[in-house]
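The values are calculated or read from the model by the stated rules, or taken from the named source; none is laboratory data. Here the structure is a predicted model, which means the values were calculated and not measured. FYI the Cβ positions are ideal-geometry reconstructions off the backbone, even for glycines, and counts take in every protein chain you see.
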């Protein structure tokens, strides 16, 4: 068979590659971003309850009304932003589906999309598949901050969309109020839209505030905001997220969503709707993961790795430049095969494979797992 690939430069995602390598060598998997601890038993009971109650058929395309209402209430309480559950909230089969639907909804042939690197690996393929042109702007290393003058330079009359991600995967950086001020100034006299990936919205540290696009009416009015139940409730395998957007954008978003997955797992939506009444679960999530971060950093303090700032997400970047001069891809393989700890090489999140001799480690793990991993890292 002769097939002309639509994504000739795309292979298997790094998350699959490193998790497979980890499994093959019985390594501790600190690469792919999923917890190794249990889901809250009350949430599991609620899913079972709604399955047994017969809620096992198609949900409404936009999502179960009770869940959309709970999302609207939470967003108002958190960000003082009102979204109409009927027309401005869509429940999706994971945040990745939401990202693809959002890009497909607004990007046409020749439209430019500003991508801030390092960038999550699903962004650019979705842009390319929809005929868009990625325009790359890099976070400044080593502090991983955005130089908004670089973004200004990248803006053009063809800019249709800018993709933002805070808290940021893989670096753990977060937007400040100064970033928001700069963003407002840049976009004030443009028609550019925003796709804001906020799946780690409840995982932010050191007393910092999550600067959601939803907080700011002038930004919310041009934004598709994506979040994830998987990250918030330790249920990444359930693959349920959602998109907040003004009604005209939501209408276009739902046109794509209905032909990607149509609807999303019904009993789990009902379970989330009930479980969201326990607000302390997501309100205390930052403290929970900050303890994980601090535990991991304390455990590797005597290692030869140098720690990078981490203000959000459950990922820690570690500089290995004093240990090896190998590329991050080669060193991550060696670390997995010879030392039994799997990580992610961030160069894969750059279109030119920029290599800063750092690796990304997931600390959404049991303390026992972190201790075992740290023991191995400290022996290097």
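Data table
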| item | result |
| --- | --- |
| Helices (runs of 4 or more DSSP H) completely within the range 33-129 that count 2 or more residues being in contact (Cβ under 8 Å) with a residue 12 or more places away in the chain and under 30 Å from residue 173 (Cα atoms) | 65-79, 95-106, 123-129 |
| Single condition residue 184 does not satisfy, out of (1) surrounded by 14 or more Cβ atoms within 10 Å (Cβ to Cβ); (2) in a helix (DSSP H, G or I) | (1) |
| Selection count where residues are surrounded by fewer than 18 Cβ atoms within 10 Å (Cβ to Cβ) and either on the phi > 0 side of the Ramachandran plot or touching a strand residue (DSSP E or B) at 6+ places or on another chain (Cβ under 9 Å) (or both), scope the range 118-133 | 2 |
| Count of residues meeting criterion [closer than 30 Å to residue 318 by Cα, part of a loop (DSSP other than H, G, I, E, B) and touching a residue at least 24 places away in the same chain (Cβ under 8 Å)] in the range 1-32 | 8 |
| Subset of the range 317-343 that is in contact (Cβ under 8 Å) with a residue 40 or more places away in the chain and in contact with a helix residue (DSSP H, G or I) (Cβ under 6 Å, 6 or more places away or on another chain) - its residue that is farthest from residue 122 (Cα to Cα) | 339 |
| Any pair with Cβ under 6 angstrom, 6 or more apart, that starts in the range 242-258 at a residue that is outside any helix (DSSP H, G or I) and ends at one that is surrounded by fewer than 18 Cβ atoms within 10 Å (Cβ to Cβ) | 246/221 |
| Hits in the range 239-283 (condition: crowded, with 22+ Cβ neighbours inside 10 Å and closer than 16 Å to residue 93 by Cβ) | 240, 241, 242, 243, 253, 257, 264, 268, 269, 271, 272 |
| Residues that are surrounded by 14 or more Cβ atoms within 10 Å (Cβ to Cβ) and in contact (Cβ under 8 Å) with a residue 40 or more places away in the chain, drawn from the range 202-222 | 202, 203, 204, 205, 208, 210, 211, 212, 213, 214, 215, 220 |
| Which listed residue is touching a helix residue (DSSP H, G or I) at 6+ places or on another chain (Cβ under 6 Å), within 21 Å of residue 286 (Cβ to Cβ) and modelled with pLDDT of 95 or more, from 236, 171 | 236 |
| Scan of the range 333-353 for residues that are more than 20 Å from the chain's Cα centre (by Cα) and surrounded by 15 or more Cβ atoms within 10 Å (Cβ to Cβ), ordered by number | 333, 335, 336, 339, 340, 341 |
| Flag for residue 33 being in contact with a strand residue (DSSP E or B) (Cβ under 7 Å, 6 or more places away or on another chain) and closer than 15 Å to residue 265 by Cβ | no |
| Residue 294 being without any contact (Cβ under 8 Å) to a residue 40 or more places away in the chain and surrounded by 19 or more Cβ atoms within 10 Å (Cβ to Cβ) | no |
| Residue list for the range 145-181, restricted to those being part of a loop (DSSP other than H, G, I, E, B) and closer than 23 Å to residue 227 by Cβ | 146, 166, 167, 168, 169, 170, 171, 172, 173, 174, 175, 176 |
